Amino acid sequence: MKIAILGAAGVRTPQLVRRLLRDAERVGLTELALMDIAGDKLALIKTVIDEIAPQPEGVALTTTTDVRVACAGADFIIFTMRVGDIAARIIDERIPLRYNVLGQETTGPGGFAMALRTIPVVLDYVDVIREVAPKAWVLNLTNPSGLITQAVTDHGFDRIVGICDGPTELLAATARAVNRAVDELWFDYYGINHLGWVGGVKYKGEEILPSILEDDEALKTIAPHSVDPDLIKEVGLLPNEYLIFFYKNQSVVQNIKRADITRGEQIDALNKELFAQLAAIAEGKSQERPRDAYFRYLRKRSGSYFSVERQGELTKDPEAVALSNAALLEPEGYAQIATQVMEALLGISPQIIPINVRNNGSLLCLAADDVVEVQSLVDSNGIHPFSVKVEVPAHARTLLQRVKGYERLTIEAVRQNSYALALQALSCHPLVPDLDTAKAILDDYIAEHGSYMPELR
């Protein structure tokens, strides 16, 4: 079996490869192809992989800058690319802040700009996959995950599943809060990517969400990066952590502006430090091991997560924060979920997991061909989303429909290369106050992203 990772020079790749190689015999892996257009960065990431992911006998590990070579004959293809790299993310996040609008990678204008850049590239890759690996499953980790997965399914390619670690982490935190294992509980999780809620929690057939909502300590465990317990009680649902950008939008905007640093800028500094260290090691200018530089990077990155958005300042010692929390030391949420989905599709270990998949009637407030994020059974016969049995409250339903409408317009804007549709899409997003602001942001994106943006007419 062959697996290809597209965008493999990214910092998540070593953990993903380590997990895949660890399970190589179990899944029958014989070739793992790493592809990225940035060959120099890919070579440095490979030095980390060589240390933390021992290569089993009988598994070929290859690197290439050619997407066709990477995908040829693959059984699974993992999308994890970032069009325009981190510099584009910084533009995505900085421009909206000029107009007191949220600057965030996947939510609001930032996700919009990222989608405009990314959809054309992804669809080109899908056309290559149709030709050289027609039976491959695509596991999409590229953000904005739900919107990209929607664009691919609208393109007529159904063998794709969007993956995010946010929902599974929410379910795990909820289980911890009630001192139960995840598999002892049933969760009614529903929404779209980065806009979802737990609307029901059952233990031995009994609905326990009302008792969870009465427990402040449980709510702090469940949503440490999200809104305060009092707000969660008013909503009556357990929110995905990204709901903070909707429920406390202006507070987050002011916090980012007060700290005067976006998350993209934080990551950019960490990435530059990591790749400089890896280059120094490769050139013999440093005696440090690549794995040590990499895991230090991960600790600093995870220990600073959401600090600016919630507190308005950078964490003073993010590495110490990570060291105090074992779950932050070597976070591998995406790697774990990708492997679980892959093994389930192979029939090795069927899973029930919240993923991004075509709705097909599972969430009645959205269209059948909308990509939604719901609990789904994944097995060798494919992906089978469960019907959401609980009532979706009006506020959640309204927000979902509005954001999904924005997603649909964004995809159509790319398809038609239409400035008017792009403007309409951005103006429909709940976090954009009016058409004038949408136009200012869109025009700034076009001016500053240059050739990375589609030629909107």
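Data for the structure
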{"quantity": "Filter result (in contact with an Asp or Glu (Cβ under 7 Å, 6 or more places away or on another chain) and either surrounded by fewer than 24 Cβ atoms within 10 Å (Cβ to Cβ) or assigned to a loop (DSSP other than H, G, I, E, B) (or both)) within segment 97-112", "calculated": "GLY103, GLN104, GLU105"}
{"quantity": "Residues located in segment 23-52, provided they are more than 23 Å from the chain's Cα centre (by Cα) and in a helix (DSSP H, G or I)", "calculated": "ALA24, GLU25, ARG26, VAL27, GLY39, ASP40, ALA43, LEU44, THR47, ASP50, GLU51, ILE52"}
{"quantity": "Failed item, numbered, when ALA4 is tested on (1) of a type in the set (A, V, I, L, M, F, W, C); (2) buried (at least 21 other Cβ atoms within 10 Å of the Cβ); (3) not in a strand (DSSP E or B)", "calculated": "(3)"}
{"quantity": "Scan of segment 134-172 for residues that are surrounded by fewer than 18 Cβ atoms within 10 Å (Cβ to Cβ) and either more than 28 Å from ARG402 (Cα to Cα) or among the aliphatic types (A, V, I, L, M) (or both), ordered by number", "calculated": "PRO134, LYS135, ALA172"}
{"quantity": "Total residues in segment 68-85, condition over 21 Å from ALA335 (Cβ atoms), of a type outside the set (A, V, I, L, M) and assigned to a loop (DSSP other than H, G, I, E, B)", "calculated": "2"}
{"quantity": "Of all residues making up segment 347-364, the number that are of a type outside the set (Ser, Thr, Tyr) and in contact with a Phe, Trp or Tyr (Cβ under 9 Å, 6 or more places away or on another chain)", "calculated": "3"}
{"quantity": "Entirely in segment 228-333, the helices (runs of 4 or more DSSP H) that have 1 or more residues that are closer than 20 Å to ARG98 by Cα and under 21 Å from the mean Cα position of the chain (by Cα)", "calculated": "244-247, 249-259, 263-282, 307-311"}
{"quantity": "Hits in segment 185-227 - residues which are within 23 Å of the chain's Cα centre (by Cα) and part of a loop (DSSP other than H, G, I, E, B)", "calculated": "ASN193, HIS194, ALA223, PRO224, HIS225, SER226, VAL227"}
{"quantity": "In segment 151-184, the residues that are outside any strand (DSSP E or B), touching a residue at least 60 places away in the same chain (Cβ under 8 Å) and of a type outside the set (Gly, Ala, Ser)", "calculated": "THR153, ASP154, ASP158, ILE163, CYS164, ASP165, PRO167, THR168, GLU169, LEU170, LEU171, THR174"}
{"quantity": "Some residue of segment 79-86 being buried (at least 17 other Cβ atoms within 10 Å of the Cβ) and farther than 15 Å from ASP36 by Cα", "calculated": "no"}
{"quantity": "GLU131 within 26 Å of ASP369 (Cβ to Cβ), surrounded by fewer than 19 Cβ atoms within 10 Å (Cβ to Cβ) and not basic (Lys, Arg)", "calculated": "yes"}
{"quantity": "Long-range neighbours under 9 Å by Cβ, at least six apart or interchain, first residue without any contact (Cβ under 8 Å) to a residue 60 or more places away in the chain within segment 8-32, second among the polar types (S, T, N, Q)", "calculated": "LEU21/GLN55; ARG22/THR339; ALA24/THR30; ALA24/GLN55; GLU31/THR62; LEU32/GLN55; LEU32/THR62"}
{"quantity": "Qualifying residue in segment 399-412 (condition: in contact with a Lys or Arg (Cβ under 6 Å, 6 or more places away or on another chain), within 27 Å of PRO96 (Cα to Cα), surrounded by fewer than 22 Cβ atoms within 10 Å (Cβ to Cβ) and touching a residue at least 24 places away in the same chain (Cβ under 8 Å))", "calculated": "no"}
{"quantity": "Boolean, SER226 is touching an Asp or Glu at 6+ places or on another chain (Cβ under 7 Å) and either touching a residue at least 24 places away in the same chain (Cβ under 8 Å) or crowded, with 20+ Cβ neighbours inside 10 Å (or both)", "calculated": "yes"}
{"quantity": "Segment 413-457, residues that are among the hydroxyl-bearing types (Ser, Thr, Tyr) and over 20 Å from GLU93 (Cα atoms)", "calculated": "SER418, TYR419"}
{"quantity": "Odd one out for VAL341, checked against (1) in contact with a helix residue (DSSP H, G or I) (Cβ under 8 Å, 6 or more places away or on another chain); (2) crowded, with 17+ Cβ neighbours inside 10 Å; (3) at pLDDT 95 or above", "calculated": "(1)"}
{"quantity": "Answer residue from segment 275-302, given it is of a type in the set (A, V, I, L, M) and crowded, with 20+ Cβ neighbours inside 10 Å and is nearest to ALA320 (Cα to Cα) among those", "calculated": "LEU298"}
{"quantity": "Criterion (free of Cβ contacts under 8 Å to residues at least 60 places away in the same chain, closer than 22 Å to GLY200 by Cα and among the aliphatic types (A, V, I, L, M)) met by exactly one of ALA368, ALA394", "calculated": "ALA394"}
{"quantity": "Residue check for ASP40: surrounded by fewer than 18 Cβ atoms within 10 Å (Cβ to Cβ), modelled with pLDDT under 95 and either closer than 30 Å to LEU426 by Cβ or of a type in the set (Asp, Glu) (or both)", "calculated": "no"}
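The values are calculated or read from the model by the stated rules, or taken from the named source; none is laboratory data. Just so you know, these numbers come straight off a predicted model, no measurement behind them. As a convention, Cβ positions derive from the backbone with ideal geometry for all residues, glycine included, and neighbour counts pool all protein chains shown.
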